[in-house]
1. Looking at the structure I just gave you, is Glu29 outside any helix (DSSP H, G or I) and under 22 Å from Leu245 (Cβ atoms)?
2. So, in the range 11-28, of the ones that are of a type outside the set (Val, Ile, Thr) and surrounded by 16 or more Cβ atoms within 10 Å (Cβ to Cβ), which residue ends up nearest to the chain's Cα centre (by Cα)?
3. For residues that are of a type outside the set (Val, Ile, Thr) and either more than 22 Å from Gly253 (Cβ to Cβ) or in contact with a Lys or Arg (Cβ under 6 Å, 6 or more places away or on another chain) (or both), tally how many sit in the range 20-58.
4. How about the range 156-195: which of its residues are near the ligand (Cβ under 8 Å from one of its atoms) and under 22 Å from Tyr131 (Cα atoms)?
5. Filter the range 243-280 down to the residues that are touching a residue at least 12 places away in the same chain (Cβ under 8 Å) and outside any helix (DSSP H, G or I) and list them by number.
6. Applying the selection to the range 197-211, what residues are more than 11 Å from the ligand (Cβ to nearest atom) and assigned to a strand (DSSP E or B)?
7. Given the criteria over 20 Å from Ser173 (Cα atoms), among the basic types (Lys, Arg), crowded, with 16+ Cβ neighbours inside 10 Å and under 20 Å from the mean Cα position of the chain (by Cα), does Lys264 qualify?
8. Give the residues of the range 81-94 that are more than 27 Å from Pro194 (Cα to Cα) and buried (at least 20 other Cβ atoms within 10 Å of the Cβ), sorted by residue number.
Amino acid sequence: MRKYNFNAGPSVLPQETVVNTMKAMQDFEGTGIGLMEISHRTKGFEAVMNEASDLFKELLNIPEGYSVIFLGGGASLQFCMVPYNLLEKKAAYLNTGTWASKALKEAKLFGETVEVASSKAANFTYIPKDYVIPTDADYFHITTNNTIFGTEIHTDLDSPIPVVADMSSDIFSRPVDVSKYGLIYGGAQKNLAPAGVTFVIVKDSLLGKVSRQIPTMLDYRTHIKDGSMFNTPPVVPVYAAVQTLRWLKNLGGVEAMYQLNKEKAGLLYEEIDRNKLFHGTTAVEDRSLMNICFVLNDEYKDLEDEFYQFATQKGMVGIKGHRSVGGFRASTYNALPKEAIVALIDAMQEFEKAH
Ligand SMILES: *Cc1c(COP(=O)(O)O)cnc(C)c1O
């Protein structure tokens, strides 16, 4: 039996993605060789790579003037690749969590940085809102969904300078107005594919403006020019991403997914607020639809291990909170079926009755 997989990443993928990729592993499109064994320089794989970027453009409604590329190195490599390519004088960062802090740390290697606001003093339980974006910075970096702390920026911000967004853990979970961003990046292993591929959506006109030399592999223009085939791309994760994007398209795209995500997260938050044992850890208006953090109320604190064991027995995996928050975290990515949420809610209610 498949477990209810609440892992934060790598995480649950659509069953279709798993099965189709498994089949292609043995025989890629009737070629008689497996996906792991083909050359990336074949018509067959070129079509897969093109479909990946076409589906990105279609599903996110990406306007003209933007490129979509697929790279290695994870979202973490983008923490330095972004300033390498875009930071000339100064960059502005919004510090909303661990990943945002890591991105800011790398930018400091390349020039002046400004932390426009931070919720660190409150252990990142909310998204700061009263801040001014400096108009003389090259870009403004945000992390739209804070995977560890369970907060999310729910709107596409208005900004006088290009917005660069780490969307690793909420890409394709809701409609996004791409025209409001200069660059969007993310690791695939939260909502798209197995680990190993990173997507970058970049406005072409932002590139080529810095005075420093950029190593070939770290220059976005290299990968745009060669259609993500400058070097050997991560063939298997790209194939899997295409399967996930086809699945998403068949379900009605990001708008349909957004409705489903609101419903799923809404059910779980409702139970967290109702149940006498638990409470949420973040500001209500900033609650993430993708990573739902909750802890036991103080008088029930000593039940933490017991609830974890109880949920584990009921087939739930990955609900332990990150060590910097404690308690529990249910990651409710696109591919997590509603049944998993219902099962978790049932477990919380049964546990409440027993105590
Ligand atoms: C997981 C995650 C990362 C790190 O991704 P890697 O691909 O492991 O480098 C960065 N940002 C966010 C928001 C994440 O959730």
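1. Working: outside any helix (DSSP H, G or I): yes; under 22 Å from Leu245 (Cβ atoms): yes.
When the stated conditions are applied, Glu29 passes them.
2. Narrowing the range 11-28 to residues of a type outside the set (Val, Ile, Thr): 11, 13-16, 20, 22-28.
If we keep only those that are surrounded by 16 or more Cβ atoms within 10 Å (Cβ to Cβ) as well, we get 11, 13-14, 20, 24, 28.
Details: Ser11: 11, Leu13: 13, Pro14: 16, Asn20: 22, Ala24: 25, Phe28: 28 Å.
Checking each candidate, the answer is Ser11.
3. Filtering the range 20-58 for residues of a type outside the set (Val, Ile, Thr) gives 20, 22-30, 32, 34-37, 39-41, 43-47, 49-58.
Still in the list and also either more than 22 Å from Gly253 (Cβ to Cβ) or in contact with a Lys or Arg (Cβ under 6 Å, 6 or more places away or on another chain) (or both): 22-30, 32, 34-37, 39-41, 43-46.
So the count comes out to 21.
4. Those that are near the ligand (Cβ under 8 Å from one of its atoms) and under 22 Å from Tyr131 (Cα atoms): Asp166, Met167.
5. Pass one, the range 243-280, residues touching a residue at least 12 places away in the same chain (Cβ under 8 Å): 243-249, 253-255, 257-258, 260-265, 267-269, 271-272, 275-280.
Answer for the range 243-280, where residues must be touching a residue at least 12 places away in the same chain (Cβ under 8 Å) and outside any helix (DSSP H, G or I): Asn275, Lys276, Leu277, Phe278, His279, Gly280.
6. Residues of the range 197-211 that are more than 11 Å from the ligand (Cβ to nearest atom), as a first pass: 200-211.
Scanning the range 197-211 gives Val200, Ile201, Val202, Lys203.
7. Numbers: over 20 Å from Ser173 (Cα atoms): no; among the basic types (Lys, Arg): yes; crowded, with 16+ Cβ neighbours inside 10 Å: yes; under 20 Å from the mean Cα position of the chain (by Cα): yes.
Here the answer is no, as Lys264 does not meet what is asked.
8. The first filter runs over the range 81-94 and keeps only residues more than 27 Å from Pro194 (Cα to Cα), leaving 86-94.
Those that are more than 27 Å from Pro194 (Cα to Cα) and buried (at least 20 other Cβ atoms within 10 Å of the Cβ): Leu86, Leu87, Ala91, Ala92, Tyr93, Leu94.
The values are calculated or read from the model by the stated rules, or taken from the named source; none is laboratory data. This structure is a prediction, so every number in the text was calculated from the model and none was measured. Counting neighbours? That spans all protein chains shown, and the Cβs are built from the backbone with ideal geometry, glycine included.
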